[in-house]
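Chemist: Shown below is the structure under consideration.
The values are calculated or read from the model by the stated rules, or taken from the named source; none is laboratory data. In this text the structure is predicted, and so the values were computed from the model without any measurement. Please note: Cβ atoms are built from the backbone with ideal geometry, for glycine as well, and neighbour counts cover all protein chains shown. Accessible surface areas use protein heavy atoms only, side chains included; no ligands, DNA or RNA. Shrake-Rupley method; radii C 1.70, N 1.55, O 1.52, S 1.80 Å.
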Amino acid sequence: MIANYGYKDGSGDFFVIIDTDKCMECPEKPCVAACPENVLEVMIDDYDDEVLAVREAFRKKVKYSCGPCKPAGKEVVRPCHKVCALGGIKHSW
Amino acid sequence: MAEKPKEYWRWDEYNWRNPDIDWRKAKIITAGVDVGSVSSQAVIMADGELYAFANMRTGSDSPNSAINAMNWALEGTGMALSDINFTVGTGYGRVNVPFANKAVTEIACHARGANYMYGSTVRTVLDMGGQDCKAIRIDEKGKVVSFLMNDKCAAGTGRGMEVFANLLAVPIVEVGEMSLQVEEEPAPVSSTCVVFAKTEATGLLRDGWPKEKVLAAYCSAMAHRVISLLERNGVEKDFAITGGIGKNVGVVSRIEKELGLTALKPRYDTQIAGALGGALFAKALVEKGTKK
Amino acid sequence: MISVGVDVGNKFTKAVVLKDGQVISKSIVLSGFDQKQSANEAYDQAIKEAGISKNDVNYVLATGAGKKEVDFANDVVSEVGAGARGAVYFFPSGRTIIDVGAEDGRASKCDQNGKIVDFAVNEKCAAGAGSFSESMARALEVPLEEIGPLALQSNNVIYMNAQCTVFAESEVVSLIHAKTSKADISKAVHDAIAARIISMARRVGVEKDLVMIGGVGNNVGFLKALGDGLEIEVLVPDKPEYVCAIGAALIAAERN
Ligand code: SF4
Ligand code: SF4
């Protein structure tokens with residue numbers, strides 16, 4: 001399943017895109033520990049699969065929580081992307 | 001005392017029952033309760049067939065809203081809460097449904113509900129609720145393939161439409177029809193943000209625009225916006241629209257036109273999709289032998 | 001040498017007349033739906049107050065959301081550019097500039113000449129701008145000028161969930177129903193908007209000194225929340241709403 005967590009508002013599109021099929025193949029889920037803001041969590045979804053998700057508390061403010069990882073105008077790889085070998089997590093901005 | 005201001009956002013609350021079904025003959029009775037931020041629905045199914053439902057406005061506390069909706073769906077059926085084998089709670093207040101046996105997210109419930117309501121060919125579901133907007137792609141079994149939910153911003157939600165209904169003093173149920181009474185489609189309102197769109201609309205009214213033209217401009221802005229969300233999530237035939245705004249022809253027809261796809265006609269009130277999915281989840285859980 | 005800066009904002013239009021680098025007059029009018037007309041009104045007023053004629057003006061620069069509507073301007077300049085230039089005029093040590101107006105908020109970093117190094121704009125979401133506190137004042141039924149001072153009377157931390165102005169209105173109404181004091185709610189409102197501006201500022205990187213400009217700079221409740229959140233002193237010029245127009249006038253003087 002492709003899960004888009006985040007939102008679109010007057011200031012733009014801000015989505016964290018998780019490919020849960022890939023996460024299911026990834027036992028370690030290193031992204032959770034790599035995230036400095038504690039944005040990510042492992043949960044059991046409605047189909048009883050163990051997947052990665054954006055914590056509820058961050059879903060309406062990912063633009064802010066994930067902002068510092070990619071300062072304006074700089075080309076850097078976000079920590080969560082860096083540790084993910086399967087390409088299971090992306091950001092829309 | 002002054003007259004109470006009219007509440008233009010109000011739609012009718014009601015309940016429904018299928019007279020052709022005798023629930024006493026059914027083996028499995030399940031229910032789904034969807035406590036949304038604006039409306040709550042309770043659906044009762046007998047052996048996986050829709051038997052009864054109620055649709056009402058959510059009150060200030062979730063548990064009561066769930067109980068009220070359920071009692072209303074049960075009304076006149078002769079059924080008691082204890083006759084129901086399994087109940088799934090869903091929606092924003094899903095963990096606050098006191099009599100639910102399990103909570104399931106609204107995304108999964110909507111997907112399954114849409115599969116029942118529209119048939120197994122439906123692949124893309126757009127749910128426009130009171131305070132959120134969801135785009136869901138599903139497979140032939142009603143399982144979620146991808147989803148996107150926007151509940152941060154009021155633009156593109158029922159709430160945004162209510163703001164306009166109030167501003168223009170047009171009852172919410174008439175907004176859609178009215179917006180189609182324009183000879184020529186005006187340019188959409190340019191601000192996405194409801195707050196700024198409202199300011200913009202005030203200016204248009206001052207410029208002498210008739211209400212229907214302002215509504216047309218807003219409905220098409222709303223259509224644009226939800227289409228951008230849909231496209232981010234992927235669009236595939238068949239396509240269906242659920243939720244309160246699914247009843248607004250002004251928005252629906254504009255979405256259809258821009259997407260070049262006709263939305264499937266629902267068999268039931270589109271607002272019950274979530275609760276319906278909940279009842280179907282409940283049935284699957286009973287069959288799997290999940291204990292209460 | 002006389003230069004003029006005109007800032008056509010979403011809510012107010014400001015004009016400032018500069019003579020040899022000194023402000024000699026300024027004016028402010030409501031930005032109506034006809035921005036051209038508002039710009040002209042503001043310009044006429046400022047000229048009149050300065051006691052000069054339009055022929056004496058060497059250069060006019062327009063800025064703000066409606067800058068393209070100013071038909072009498074020689075050129076236009078971006079809001080960030082004008083804002084930073086104006087901010088360092090008041091505080092030469094200013095390096096991080098936060099500008100929050102009625103409809104948008106932005107943060108930028110500049111050098112000692114007020115030249116922009118980096119910027120982030122928060123476009124068109126009322127939740128990150130002055131209109132957020134305006135809507136909340138309405139929901140609280142307190143005059144707009146009072147909502148800021150009211151917030152200072154509270155030390156309680158209440159967290160607002162809604163990240164959207166429209167949803168926040170309902171949240172405020174339920175807080176009132178729950179008998180939360182208006183002071184506490186006002187503080188929550190300002191904490192919420194400050195949190196959004198702070199994250200935006202962090203994206204450009206906060207460097208000392210920090211200068212706050214734009215109409216929201218008059219709101220003490222917001223300034224307190226911003227300072228507390230950033231743990232840094234917030235410098236605010238007198239009449240922060242004019243800073244962009246002043247910046248534009250300063251740049252105009254250099255252009256001539
Ligand atoms: S971008 Fe940064 S804050 Fe956001 S999820 Fe990745 S590691 Fe966490
Ligand atoms: S853009 Fe407007 S409607 Fe959307 S979140 Fe921001 S304030 Fe709310």
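Chemist: Among DSSP beta bridges whose residues both lie in the stretch B:123-263, state the antiparallel percentage, nearest 5. Please report the intermediate quantities before stating the final value.
Modeler: On the way: 11 of 16 bridges.
Antiparallel bridges make up about 70 percent of those DSSP assigns within the stretch B:123-263.
Chemist: Can I ask one more? Would you mind getting me the FRET efficiency between C:THR180 and C:ILE232? Use the beta-carbon distance for r and R0 = 30 Å, nearest 0.05. Before the final figure, lay out each step's value.
Modeler: Values: r = 29 Å, r/R0 = 0.98.
Efficiency at R0 = 30 Å is approximately 0.55.
Chemist: Ok, one more. Diagonalise the Cα gyration tensor of chain A and give the resulting equivalent ellipsoid semi-axes, square root of 5 times each eigenvalue, largest first, whole Å. Each step should come with its number before you reach the end.
Modeler: On the way: eigenvalues 89, 48, 25 Å².
Sorted largest first and rounded, they come to 21, 15, 11 Å.
Chemist: Roughly what would the spin-label model give for A:ALA34 and C:GLU146, points 7 Å off Cα along C-beta, in nm?
Modeler: Once both label points are built, they end up 5.3 nm from each other.
Chemist: Would you kindly state the longest site-free stretch of chain C, with sites defined as GluC sites (Glu not before Pro) in a DSSP loop (not H, G, I, E, B) surrounded by at most 15 other Cβ atoms within 10 Å? Please report the intermediate quantities before stating the final value.
Modeler: Numbers: sites that count: C:GLU141, C:GLU207, C:GLU231, C:GLU233.
With GluC sites (Glu not before Pro) excluded where exposed in loops, chain C gives C:1-140 as its longest stretch.
Chemist: Using a 1.4 Å probe on the protein chains only, how many percent of the accessible area of the protein assembly as shown belongs to carbon and sulfur?
Modeler: Numbers: 13250 of 27000 Å².
Of all accessible area on the protein assembly as shown, carbon and sulfur atoms account for 49 percent.
Chemist: Further question: Treating only the Cα positions of the stretch B:103-206 as identical point scatterers, give the base-10 log of I(q)/I(0) from the Debye formula at each q in 0.14, 0.15 Å⁻¹.
Modeler: -0.69, -0.76
Chemist: Could you tell me the center-to-center distance, by alpha carbons, between the stretch B:59-111 and the stretch A:1-21 in angstrom?
Modeler: That distance is 29 Å.
Chemist: Which GluC sites (Glu not before Pro) from the stretch A:29-93 combine a DSSP loop assignment with at most 15 other Cβ atoms within 10 Å?
Modeler: On the way: sites: A:GLU37, A:GLU41, A:GLU50, A:GLU56, A:GLU75; in loops: A:GLU37, A:GLU75.
Answer by residue number: A:GLU75.
Chemist: Based solely on C-alpha atoms, express the radius of gyration and the Dmax of the protein assembly as shown in angstrom.
Modeler: According to the Cα coordinates of the protein assembly as shown, Rg and Dmax are 27.0, 94 Å.
Chemist: Here's another thing I want to ask about it. Considering only DSSP beta bridges where both residues belong to chain A, give the percentage that are antiparallel (nearest 5). If you can, show how the numbers build up before the last one.
Modeler: Values: 16 of 16 bridges.
Roughly 100 percent of the DSSP beta bridges within chain A come out antiparallel.
Chemist: May I ask you to find the residues of the stretch C:171-212 that are shielded by at least 10 Å² of accessible area once the whole protein assembly is considered instead of their isolated chain (probe 1.4 Å)?
Modeler: By number: C:ARG196, C:SER199, C:ARG202, C:ARG203.
Chemist: Would you mind checking the pairs A:LYS60/C:LYS68; A:LYS61/B:LYS288; A:LYS22/A:LYS61 and listing those with alpha carbons more than 27 angstrom apart? Please report the intermediate quantities before stating the final value.
Modeler: Numbers: A:LYS60/C:LYS68 34 Å; A:LYS61/B:LYS288 38 Å; A:LYS22/A:LYS61 25 Å.
Check vs 27 Å cut-off fails for A:LYS60/C:LYS68; A:LYS61/B:LYS288.
Chemist: Order A:HIS81, C:HIS190, A:HIS91, most accessible first, counting only protein heavy atoms with a 1.4 angstrom probe. Could the numbers behind the result be given before it?
Modeler: Details: A:HIS81 55, C:HIS190 0, A:HIS91 30 Å².
Result of the area sort, largest leading: A:HIS81, A:HIS91, C:HIS190.
Chemist: Describe numerically, in nm with one decimal, the distance between label points set 7 Å from Cα along Cα→Cβ at B:ARG267 and at C:VAL157.
Modeler: That separation, rounded to one decimal, is 5.2 nm.
Chemist: Continuing with this model, one more query. Positive end of the charge dipole of the stretch B:76-154 (Lys, Arg +1 and Asp, Glu -1 on Cβ, about the Cα centre): tell me which of B:LEU81, B:VAL145, B:GLY129 has its Cα farthest that way.
Modeler: B:VAL145
Chemist: Expressed as a whole percent, how much of the Cα-Cα distance distribution for chain C exceeds 31 Å?
Modeler: 26 percent
Chemist: So what is the calculated 222 nm ellipticity per residue for chain C, using -39500 (n - 2.57) for each DSSP H run with n of 4 or more, over all residues, to the nearest 500 deg cm²/dmol?
Modeler: On the way: 8 runs with 108 residues, N = 256.
Value at 222 nm, helices only, nearest 500: -13500 deg cm²/dmol.
Chemist: Next up: Determine the dipole magnitude for the stretch B:123-263: charges of +1 sit on the beta-carbon of Lys and Arg, -1 on that of Asp and Glu, nothing else is charged, the reference point is the Cα centre, and the result goes in debye to the nearest 20.
Modeler: Values: 17 positive and 19 negative charges, 84 e Å.
Taking the Cα centre of the stretch B:123-263 as origin, the dipole is about 400 debye.
Chemist: How many angstrom lie between the C-alpha centres of the stretch B:179-257 and the stretch C:16-40?
Modeler: 36 Å
Chemist: Counting Lys and Arg as +1 and Asp and Glu as -1, what is the net charge of the other residues whose Cβ lies under 12 Å from the Cβ of C:ILE246?
Modeler: Values: positive: C:LYS14, C:LYS26, C:ARG85, C:LYS239; negative: C:ASP7, C:ASP238, C:GLU241.
Once positives and negatives cancel, what remains is +1.
Chemist: Test of understanding: extend the Cα→C-beta vector of A:GLU50 to 7 Å, then name every residue of the stretch A:9-41 with backbone N under 19 Å from that spot.
Modeler: Those under the cut-off are A:19-35, A:40-41.
Chemist: Turning to a different aspect of this structure: In deg cm²/dmol and to the nearest 500, what is the mean residue ellipticity at 222 nm of chain B if only DSSP H runs of at least 4 residues count, each as -39500 (n - 2.57), divided by the residue total? Mind showing how you got there, number by number?
Modeler: Values: 8 runs with 108 residues, N = 292.
Only helices count here, giving -12000 deg cm²/dmol.
Chemist: Once the convex hull of the alpha carbons of the stretch C:92-236 is built, what does its volume come to per residue, in cubic angstrom? Could you put the intermediate results ahead of the total?
Modeler: Details: hull volume 13.2 nm³, N = 145.
Per-residue hull volume (Cα only) is 91 Å³.
Chemist: Find the lysine pairs in the stretch C:92-236 meeting two conditions, Cα atoms under 23 Å apart and a separation of 8 or more places or different chains, and report how many there are. Working shown, then result.
Modeler: Values: C:LYS109/C:LYS124; C:LYS109/C:LYS208; C:LYS109/C:LYS224; C:LYS115/C:LYS208; C:LYS179/C:LYS187; C:LYS182/C:LYS224; C:LYS187/C:LYS224; C:LYS208/C:LYS224.
Counting lysine pairs in the stretch C:92-236 gives 8.
Chemist: Moving on. Local charge sum around C:ASP209 (other residues, Cβ-Cβ under 14 Å, Lys/Arg +1, Asp/Glu -1)?
Modeler: Here the count lands on -1.
Chemist: Counting only complete DSSP H runs, which helices of chain B cover 20 Å or more along their long axis at the Cα atoms and score a mean Kyte-Doolittle of -1.0 or above? Please report the intermediate quantities before stating the final value.
Modeler: Values: long enough: B:211-233 (33 Å, 0.11); B:273-288 (22 Å, 0.93).
Answer set is B:211-233, B:273-288.
Chemist: So what's the stretch B:123-263 giving for Cα Rg divided by 2.2 N^0.38 Å, two decimals?
Modeler: Dividing the Cα Rg of the stretch B:123-263 by 2.2 N^0.38 Å gives 1.02.
Chemist: So how long is each side of chain B along the principal axes, counting just the alpha-carbon atoms, biggest first, in Å?
Modeler: Each principal axis gives a Cα extent; for chain B these are 63, 54, 33 Å.
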